[in-house]
Amino acid sequence: MALGATHLSLALCLMALIVLVKSDFDGKKEPINNILEKNSEMLTQDFCIFAAVGSVVAEAIARERRMGASLIRLFFHDCFVDGCDAGILLDDIPGRFQGEKTSPPNNNSVRGYQVIDQAKQRIKTMCPGAAVSCADILALAARDSVAMLGGIPYPVSLGRRDARTANFTGALTQLPAPFDDLNVQLKKFSDKGMSAREMVALVGSHTVGFARCVTLCDDRNINPAMKSTLKCGCPVSNNNTNLVPLDLITPDFFDKFYYEDLIRNQGLLFSDQVLMGSTATADVVRTYNGNPALFLREFNNAMIKMGNLPPSRGVQLEIRDVCSKVNGNSIADM
């Protein structure tokens, strides 16, 4: 991947802050995209891409803070299935192609697709001629979400490509599930080249976001110690939209309190609480709880590593013009 863009990450965050502060002090609340578009000619192409994505993410989180957590999860669910190839963004074509969107771990659960579409369109408007993949946009949106929710910005390199296919079954078999025991989780992360410590760091993203009651009403998915306090009115129908925070203390901020929940046996998901069932992972949980700065650094390093997971060998790649469908009219390669 092209590394020349990585040093612009901090500049993007500073620019976003400047834009937001300017808007507040002027009292005009001018939309971020208007400010950026007026100054787009002054931006280098890479910085223009970073600024375009960052402005869309900032607007989305301002509308709904939960969206930041959703964008982090969307990136994770893409990269963990056959690498960071934007396969999760492809729409199904009835009778012809079934992708990852409607695979059970993602269906009616993963969200944020419209934010990625908006970012793609803003790049076209602000940065004419810029060739940036949907996979790169996913990586940038996740990084910006971490930073805007209170984490530390980290470098994201550009150069990913979009797959002309997706893996419905792979989403079922490769993604960690809320009912996975510790050994299953360790195996799934190891298959991606991730250590136990990196796994504990990455699942620390559960310090933001929410779980659906429809998930928690399945006894396999919930920490048994939390079942008596669950306020979901189980059983619930599949279209139930009620939510429960994954981090009981600060669900809207990217911090270390998820780990404090685990130490108190108050992790919400079964798959989260089992991290305390082994010294190897429980010691890391305690370390991160006692040293939040270390957690944020090691989380960033793990995100960078995950963001470099390559697409499956032999898969045809491109830079999609529209993130939800392959270029051209043929789906023969799917």
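The values are calculated or read from the model by the stated rules, or taken from the named source; none is laboratory data. Everything numeric here is computed off the predicted structure, so don't read it as measured data. Every residue, glycine among them, receives a Cβ derived from its backbone with ideal geometry; neighbour counts consider all protein chains shown. The area values use the complete protein model at the heavy-atom level, side chains included, leaving out ligands, DNA and RNA. Shrake-Rupley method; radii C 1.70, N 1.55, O 1.52, S 1.80 Å.
Just one residue in the set 273, 316 is in contact with an Asp or Glu (Cβ under 8 Å, 6 or more places away or on another chain) and modelled with pLDDT of 95 or more; that residue is 316. Is it true that some residue in segment 97-106 is part of a loop (DSSP other than H, G, I, E, B), open to solvent by 10 Å² or more (accessible area, probe 1.4 Å) and at pLDDT below 95? Within segment 97-106, not a single residue is part of a loop (DSSP other than H, G, I, E, B), open to solvent by 10 Å² or more (accessible area, probe 1.4 Å) and at pLDDT below 95. In segment 231-264, of all residues being out of contact with any Cys (no Cβ under 8 Å at 6 or more places or on another chain) and over 23 Å from residue 67 (Cα atoms), the one that is modelled with the lowest pLDDT corresponds to 237. Note on segment 167-190: residues that are open to solvent by 20 Å² or more (accessible area, probe 1.4 Å) and over 21 Å from residue 247 (Cα atoms) total 12.
Evaluation of residue 328 against the conditions (1) open to solvent by 70 Å² or more (accessible area, probe 1.4 Å); (2) out of contact with any helix residue (DSSP H, G or I) (no Cβ under 9 Å at 6 or more places or on another chain) shows that the sole unmet condition is (1). Scanning segment 241-287 for residues that are among the polar types (S, T, N, Q), in a helix (DSSP H, G or I) and either open to solvent by less than 60 Å² (accessible area, probe 1.4 Å) or in contact with a Phe, Trp or Tyr (Cβ under 6 Å, 6 or more places away or on another chain) (or both) yields a count of 4.
The residues of segment 288-307 that are open to solvent by 10 Å² or more (accessible area, probe 1.4 Å), closer than 25 Å to residue 155 by Cα and more than 18 Å from the chain's Cα centre (by Cα), listed by number, are 289, 291, 292, 293, 294.
The residues listed here are 205, 109; of these, the one that is of a type in the set (Ser, Thr, Tyr), under 23 Å from residue 267 (Cα atoms) and assigned to a helix (DSSP H, G or I) is 205. Under the condition of being within 18 Å of the chain's Cα centre (by Cα) and farther than 24 Å from residue 286 by Cβ, the residues counted in segment 171-224 number 8.
Results for (1) acidic (Asp, Glu); (2) at pLDDT 95 or above; (3) touching a Phe, Trp or Tyr at 6+ places or on another chain (Cβ under 9 Å); (4) within 25 Å of residue 277 (Cβ to Cβ), shown as yes or no for each residue.
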{"residue": "142", "(1), (2), (3), (4)": "no, yes, yes, no"}
{"residue": "161", "(1), (2), (3), (4)": "no, yes, no, no"}
{"residue": "175", "(1), (2), (3), (4)": "no, yes, yes, yes"}
{"residue": "182", "(1), (2), (3), (4)": "no, yes, no, yes"}
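Checked against (1) within 26 Å of residue 234 (Cβ to Cβ); (2) small (Gly, Ala, Ser); (3) in contact (Cβ under 8 Å) with a residue 60 or more places away in the chain, residue 211 passes all but condition (3).
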